[in-house]
Amino acid sequence: MDAYNELIKYVCTNTNIYATELSHLLKDTFQYKVYKKGTYFARQGEMNDKIGFNTEGIFAMQILKEDGAEYVKSFIKQNEFLLATFNENEPNPVSILTIVDSVILEAKYSDVKTLFGKYPVLEHLYRKEIEKETEFAYSRLEQTATLQASVRYELFKKQFSKLEDLIPQYLIASYLGITPTQLSRIKKNINKCK
């Protein structure tokens, strides 16, 4: 299935827009892009006006702290949107790094927001996605504050089971809020118990 069909299927499944109408609309707005492993969709502190739909691959949303340490906020999987900022007139608060060679459909975020005026159902879908991501962020904050690292790792494995082998260990550790050494110990303890 080509990249556009992934996005069309996603939108049609969640709205009442017909595929033929949607096909023309999306192909006029979104461009097919390949991102190689280690390249950035967006960099913290830079300005950009783009949104992406991940059709193949995985990305890490990161914050670079002043001391040089990186914190992974989330991983962006297939059929999820990439967006570094809600305001294209302000610097990105995060970076979005390609973890493996990836394919996305990319558009100017300002163009997509213009579509919301013409197609309110798209704005509704967008709002639902934002609500889902906000709930996930709240859940992650609660997990980080209340659960032991080993439990957080088990939850990570459930959520990213098919992708864990593709994600470098230092990024998983950062996502969990622990060091790579701590992650190694947790994995070792889990393997002992099997």
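The values are calculated or read from the model by the stated rules, or taken from the named source; none is laboratory data. The shown structure was predicted, so the numbers you read here are calculated from the model rather than taken from an experiment. Every residue, glycine as well, gets a Cβ built from its backbone with ideal geometry; the counts of neighbours run over all protein chains shown. Side chains included, ligands, DNA and RNA excluded: accessible areas come from the protein's heavy atoms. Shrake-Rupley method; radii C 1.70, N 1.55, O 1.52, S 1.80 Å.
For segment 164-181, indicate whether the set of residues that are assigned to a loop (DSSP other than H, G, I, E, B), closer than 13 Å to residue 75 by Cβ and free of Cβ contacts under 8 Å to residues at least 12 places away in the same chain is non-empty.
Within segment 164-181, none of the residues are assigned to a loop (DSSP other than H, G, I, E, B), closer than 13 Å to residue 75 by Cβ and free of Cβ contacts under 8 Å to residues at least 12 places away in the same chain.
If residue 87 satisfies every condition in (1) surrounded by 15 or more Cβ atoms within 10 Å (Cβ to Cβ); (2) of a type outside the set (Asp, Glu); (3) more than 21 Å from residue 8 (Cβ to Cβ) but one, which is the exception?
(1)
From the set of residues in segment 100-146 that are small (Gly, Ala, Ser) and in a helix (DSSP H, G or I), which is most open to solvent (accessible area, probe 1.4 Å)? Talk me through it step by step, then tell me what you get.
Of the residues in segment 100-146, the ones small (Gly, Ala, Ser) are 102, 107, 110, 117, 137, 139, 145.
Subsequent filtering for residues that are in a helix (DSSP H, G or I) retains 110, 117, 137, 139, 145.
On the way: 110: 33, 117: 66, 137: 47, 139: 47, 145: 84 Å².
Step by step, filter segment 100-146, then rank; the result is 145.
Scan 69, 60 and give me the residue that is small (Gly, Ala, Ser) and surrounded by fewer than 16 Cβ atoms within 10 Å (Cβ to Cβ).
69
What are the residues in segment 24-53 that are at negative phi, surrounded by fewer than 16 Cβ atoms within 10 Å (Cβ to Cβ) and not basic (Lys, Arg), if any?
Within segment 24-53, 24, 28, 31, 32, 34, 39, 46, 47, 49 meet the criteria.
With the requirement that a residue be β-branched (Val, Ile, Thr), assigned to a loop (DSSP other than H, G, I, E, B) and under 16 Å from residue 95 (Cα atoms), what does segment 1-58 give you?
Answer for segment 1-58, where residues must be β-branched (Val, Ile, Thr), assigned to a loop (DSSP other than H, G, I, E, B) and under 16 Å from residue 95 (Cα atoms): 39, 58.
Mind telling me which of the residues 167, 186, 190 ends up being within 20 Å of residue 59 (Cβ to Cβ) and of a type in the set (Val, Ile, Thr)?
The match here is 167.
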